[in-house]
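Below is one structure, written out as C-alpha cells; the observations come after it.
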Amino acid sequence: MNRSLGLCPLLLTLAIAQVGQTAGASTLEEDIVVLKEQVTELNSRLDEAMTISGYVDTEYSVNNKKGGAANGIRIHHLSLFFEKRVTEKWRFFSEIEYEDGPLFDDKKTTEGKIYAEAVNLSYAWRSDINLRGGRFFTPAGIWNIDHYPPFVPTQERPLHVRNIFPQIFDGAMVYGTRPVAANTFLKYDLYLGNGEGNTGKNDGNREKAVGLNAGLLLPFLKHTEVGLTYYRDTLNNGTDKTAIGTHAKVKAGSFAFQGEYASGNHKPTTGSDFVNTGYYAQFMYNISHWTLGMRHSAYDKNSATDAIDNKEVANSVFVNYHINHALVLKLEHHRHSYDDAKKDPFRSTMASIVAYLGS
C-alpha cells in the first residue's frame, strides 16, 4: 500500500508530460519568440542608454627642483566620459575632469579644478566624411590625441605638447579615413573655430582659427604612420600665429617608436617676430606585461623681449607593468636641463597607478 502511494506522483508526472508534449512544443516556440523580442528590446535600450567610463590616476613623486612642487602624493585625475548614441548616426561625447581632488564648501576651497575638456556631437555620415561640433582635443600630432594616462607610458608629457598647439578647440570639424592605395589609408581632421585663449562662452576676436591634421597609414612592418599638422590663428592680443608639425609612429614586433616635431611662428602687433619649437623621440619595447622605454624631449621658448635662450631638455626612462588592459603601474625618471645658465638642472622620479574605468 505504501509502495503504490509512493509511485503515484511519478506516474502522474509522466502522464502529464506525455499528454502535454504536442501543446508544449508550440508553447516553447512562442516562448522563444518572446525571449528574442525581449533581447532585441534590451539591446536597443542599451544602445540608447548613456554610458559612463573614464580613468583615474594617483602619483607619488620626488624631485630636487628649486622652488618646485613638494614631494608627495598627488590625486592627479578623475576623468569621466559620458557617451550616448542619440540615433544610429548621431553620437554625444563629453569628458569632465576633476584634477587634484578639488574641494568646494562654505569654509574653504582647495587647489584643483573641474574642467569640461570635451563636449561634442558627432555625425557619422560615412567612413571618409564625418562631422563633429563642440569642444574636442586639438587634432595635432600624436600625443595630444592619444594623451590618456592608461594609454601613454609616462605621466609627464613631452615638453612641447600643449605649448605650440592648443590643448582643446571649440568649433567644428570634418574628419575621416579613406583608402588611397593598396593597404594604405589617409586619415584627416579639418577644423575651424574660436582658437586658443577663448572660453566656451565666446570668441575674443573676430578672426577664426583653422587647422588640419593628416596622416598616412602605411603597410610597412606592424604599424606605420606619418603625418603633418597645420594650424593658423590670430590670438586675442592681435598676434598672428602659424604652427606646423610632423609626426611618425612605427611598430615592429615588440619595438615601437614615435616622435613629433612642431614649430610656432608668432607675429605680434608690436615688437619682433619669434618662433618656439619642440620635439621628442620615444622608444619602447614590450615584453609580456612589461613596457620599457626612453624618451628625449626638448622645447625652445624664444621670446621677442628675452635674448636668453630658453631651451629646456628632458631625458626620460620609464617602466610600465600592465596588470591587465585596464590597470597599469608606472615608474618614470626624468632629468631636466636648460641652456640658460641661471636655471639649475633638476631630476624627478614618479611612481603611479592608473586605471581605465571602462569595459
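Pairs of Cα atoms nearer than 8 Å and 6+ residues apart set the relative contact order; for the chain it is 13 percent. If you sort the three axes of the alpha carbon gyration tensor as a ≥ b ≥ c, you get a/c of 1.5 or more for segment 136-228 and a/b no higher than b/c, which makes it oblate. Using a simple spin-label model with pseudo-atoms 7 Å out from Cα toward Cβ, Arg232 and Leu35 lie 6.3 nm apart. Counting only alpha carbon atoms, the long axis of helix 21-48 and the longest principal axis of the chain meet at about 10°. Summing Lys and Arg as +1 and Asp and Glu as -1 over all other residues whose Cβ lies under 11 Å from the Cβ of Lys66 gives a net charge of +1. If R0 is 30 Å, what FRET efficiency do you get for Ala281 and Thr199 from their C-beta distance, rounded to 0.05? Between Ala281 and Thr199 the formula returns 0.30. Scanning the chain for trypsin sites (Lys or Arg not before Pro) that sit in a DSSP loop and have at most 10 other Cβ atoms within 10 Å, the longest stretch containing none of them is 207-341. Working from Cα pairs under 8 Å separated by at least six residues, relative contact order for segment 134-287 is 18 percent. Taking the protein heavy atoms of segment 242-311 in the context of the full set of protein chains, the accessible area attributed to carbon and sulfur is 61 percent at 1.4 Å. For the chain, modelled as a Gaussian network with Cα springs under 10 Å, which listed residue fluctuates most, Phe93, Phe136, Phe104? Top of the fluctuation ranking is Phe104.
With a 10 Å cut-off between alpha carbons and a GNM built on the chain, which of Gly101, Gly54, Gly68 moves the most? Maximum among the listed residues: Gly68. For Phe257 and Thr27, what does the FRET efficiency come to when R0 = 56 Å and r is the distance between their Cβ atoms, rounded to the nearest 0.05? With R0 = 56 Å, the Cβ-Cβ based efficiency is 0.30. Proximity of backbone amide H atoms, modeled 1.01 Å from N, is registered between Ala140 and Ile145 at under 5 Å, excluding neighbours fewer than 5 places apart on the same chain. Cross-linked pairs Lys66/Lys108; Lys267/Lys301; Lys187/Lys251; Lys113/Lys249: Cα-Cα separations exceed 22 Å for Lys66/Lys108; Lys113/Lys249. Subtracting the Cα-Cα distance of Thr246 and Asn64 from their residue separation scaled by 0.36 nm leaves 62.2 nm. Over the chain, DSSP H runs of length four or greater, each weighted -39,500 (n - 2.57), average out per residue to a 222 nm ellipticity of -4500 deg cm²/dmol.
Summing +1 for each Lys or Arg and -1 for each Asp or Glu among the other residues whose beta-carbon sits under 13 angstrom from that of Asp170 gives 0. Comparing Pro139, Pro345, Pro158 in a Gaussian network model of the chain (Cα springs below 10 Å), the most mobile by mean-square fluctuation is Pro345. For the chain, the longest principal axis of the Cα atoms and the long axis of helix 2-19 meet at an angle of about 70 degrees. Taking all protein chains into account, the per residue accessible area for the chain stands at 59 Å² (1.4 Å probe). Label-to-label distance for Ala181 and His296 is 3.0 nm, based on points extended 7 Å past Cα in the beta-carbon direction. Counting Lys and Arg as +1 and Asp and Glu as -1 over every other residue whose Cβ lies under 10 Å from the Cβ of Asp240, the net charge comes to 0. Once the Cα-Cα distance is subtracted from the 0.36 nm per residue extended length, the Val86 to Leu103 segment shows a gain of 2.8 nm. May I ask you to list the residues of segment 69-84 whose amide nitrogen lies under 13 Å from a point 7 Å from Cα along the Cα→beta-carbon direction of Phe346? Counting only backbone N, you get 69-72. Placing a label point 7 Å from the Cα of Ile73 along the Cα-to-Cβ direction, the residues of segment 92-132 whose backbone N falls under 20 Å of that point are 98-104, 110-113.
The values are calculated or read from the model by the stated rules, or taken from the named source; none is laboratory data. None of these values were measured; they are calculated from a predicted model. With ideal geometry, Cβ positions are generated from the backbone for all residues, glycine too; neighbour counts draw on all protein chains shown. Heads up: the accessible areas ignore ligands, DNA and RNA and are worked out on the full protein's heavy atoms, side chains in. Shrake-Rupley method; radii C 1.70, N 1.55, O 1.52, S 1.80 Å.
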